[in-house]
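What follows is one structure encoded as structure tokens, with my remarks underneath.
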Amino acid sequence: MQISRVEIDAGSLASLPDPGAREFVLPPNGFAFGGFVVLCQGQVRAFVNLCPHARRPLNFSPDVFLDRNRPEIICTGHGARFNADNGICVSGPCIGQRLTALDVRVRNDTLLVSWDSSAVAGARNRP
Ligand code: FES
């Protein structure tokens, strides 16, 4: 399989509340899931929107991923909680497993998310 580096514009950092999150589409199309950026306690991270428990998106409502009171990402499927900094599940049915992290950097207030095509394919194919 040929590995390629993909980078997308995930929007403005200044328009993202802290704490807050924003979804984006993972190209190429055809994947049944996307990704999201989170800003929490001044740190921005990006993850594939795929819960390691039942292999489904984490959220029901657009851009809603975070606990209001803790720096944790919540899966609406069965209540798993993930550390917003490193994506590791800290409670719930997939404790110890982690979300697939994507690289994110800021250039002139634009959030640029990048990954190797193999990372996304690996997230999709993981048992
Ligand atoms: S699908 Fe996420 S906890 Fe079950």
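Dipole of the chain, Cα-centred, from +1 at each Lys and Arg C-beta and -1 at each Asp and Glu C-beta, to the nearest 20 debye?
That gives the chain a dipole magnitude of about 380 debye.
Of all trypsin sites (Lys or Arg not before Pro) in region 47-82, which ones are in loop regions per DSSP and have a Cβ with at most 13 other Cβ atoms within 10 Å?
Arg68
Please compute the net charge surrounding Gln41, taking Lys and Arg as +1 and Asp and Glu as -1 over other residues with Cβ under 13 Å from its Cβ.
Local charge sum for Gln41: -2.
Which percent, to the nearest 5, of DSSP beta bridges fully inside region 5-125 are antiparallel?
Taking every DSSP beta bridge within region 5-125, about 95 percent pair in antiparallel fashion.
With a cut-off of 8 Å between alpha carbons and a minimum separation of six or more residues, what is the relative contact order of the chain in percent?
The value is 27 percent.
From the square roots a ≥ b ≥ c of the eigenvalues of the alpha-carbon gyration tensor of region 5-125, which class results: rounded (a/c under 1.5), prolate (a/b over b/c), or oblate?
Verdict is oblate for region 5-125.
When the helices in the chain are scored as -39500 (n - 2.57) per DSSP H run of 4 or longer and the sum is shared across all residues, what 222 nm value do you end up with, to the nearest 500 deg cm²/dmol?
One gets -2000 deg cm²/dmol as the mean residue ellipticity at 222 nm.
What is the fewest-to-most order of Thr110, Thr100 by other Cβ atoms lying within 10 Å of their Cβ?
Arranged by neighbour count, lowest to highest, Thr110, Thr100 become Thr110, Thr100.
Could you please report the charge total around Ser15, scoring K, R as +1 and D, E as -1 over all other residues with beta-carbon less than 13 angstrom from its beta-carbon?
Residues near Ser15 contribute -3 overall.
Can you list the chymotrypsin sites (Phe, Trp or Tyr not before Pro) in region 45-96 that are in a DSSP coil and have 12 or fewer other beta carbons within 10 angstrom?
Phe60
Classify region 1-70 as rounded, prolate or oblate from the Cα gyration tensor: take a ≥ b ≥ c as the square roots of its eigenvalues, call it rounded if a/c is under 1.5, otherwise prolate when a/b beats b/c and oblate if not.
oblate
Every read-out reported here was derived from the displayed coordinates using simple, explicitly stated rules and does not represent laboratory data. Computed from a prediction, not measured in an experiment: that's the story for all the values here. Here the Cβ is made from the backbone with ideal geometry for all residues, glycine too, and neighbour counts use every protein chain on show.
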